[in-house]
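The values are calculated or read from the model by the stated rules, or taken from the named source; none is laboratory data. In this text the structure is predicted, and so the values were computed from the model without any measurement. Glycine gets a Cβ as well: all are built from the backbone with ideal geometry, and neighbour counts include every protein chain shown.
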Amino acid sequence: MLEVKKEIMISKSLDLLLSYFMNPRNIMKYIPYFKEIHQINENTFKVTLKWLFSIDFEVIRIFQKSTNEITYLVNRDGIPKIHAQLTHFLASIKQSTKVIIIFKYQGPFEFYVRREAHKFLENLNDKIFEELSELNMVVIKEGVIKDDKFKDVIDLASIESVNSETELVLSDGDTIVRISFNNGKVIRTLGDINLLRKGEIKYLIKKKM
């Protein structure tokens with residue numbers, strides 16, 4: 001099993017970075033071979049990989065609160081057989097956060113996977129700095145709801161905004177609606193919620209940290 005490790009110091013709070021790494025989209029968007037991600041339940045995701053081959057696999061997220069450790073696991077016993085683990089260890093040090101990232105992989109094309117993993121970890125530091133400095137907003141909740149449950153996620157985004165601005169994003173695949181909240185009140189809306197198709201709607205709530 002190959003192993004690639006990187007240790008970085010980031011001048012952001014521990015809570016902010018925990019929220020950041022708890023959202024797999026924030027990690028996977030820096031890996032160009034991961035084309036799609038769908039949340040199955042709270043800690044299980046379906047990922048589509050398109051690289052030397054195209055394949056779907058499940059990713060399990062594990063969070064150890066006592067040690068501030070976030071791990072993403074892949075155990076695929078079909079063909080090709082793949083076992084992988086991406087772990088983040090976080091620790092607050094003065095005004096910064098120390099992040100140790102360890103990637104382990106056992107499966108086909110290990111030489112190429114090692115090379116790409118090194119590239120991913122080299123780029124990750126600067127990307128985090130850019131995104132967190134510019135947006136300072138992280139995803140705290142995401143999922144799929146029925147169109148008759150809009151009120152539930154609107155209320156949640158409103159409650160979360162009491163101490164910090166939030167943004168609720170709703171999408172039916174074609175139409176996107178963004179609603180921003182502050183101190184429990186709507187401060188701006190982009191798009192019309194009535195134009196969203198009936199049925200299942202994807203949503204995510206982002207919060208300024």
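So the values come out like this:
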item: Those residues of the stretch 164-177 which are touching a strand residue (DSSP E or B) at 6+ places or on another chain (Cβ under 9 Å) and at pLDDT below 85, in sequence order; result: 172, 173, 176
item: Which numbered condition residue 12 fails, given (1) closer than 21 Å to residue 138 by Cβ; (2) free of Cβ contacts under 8 Å to residues at least 40 places away in the same chain; result: (2)
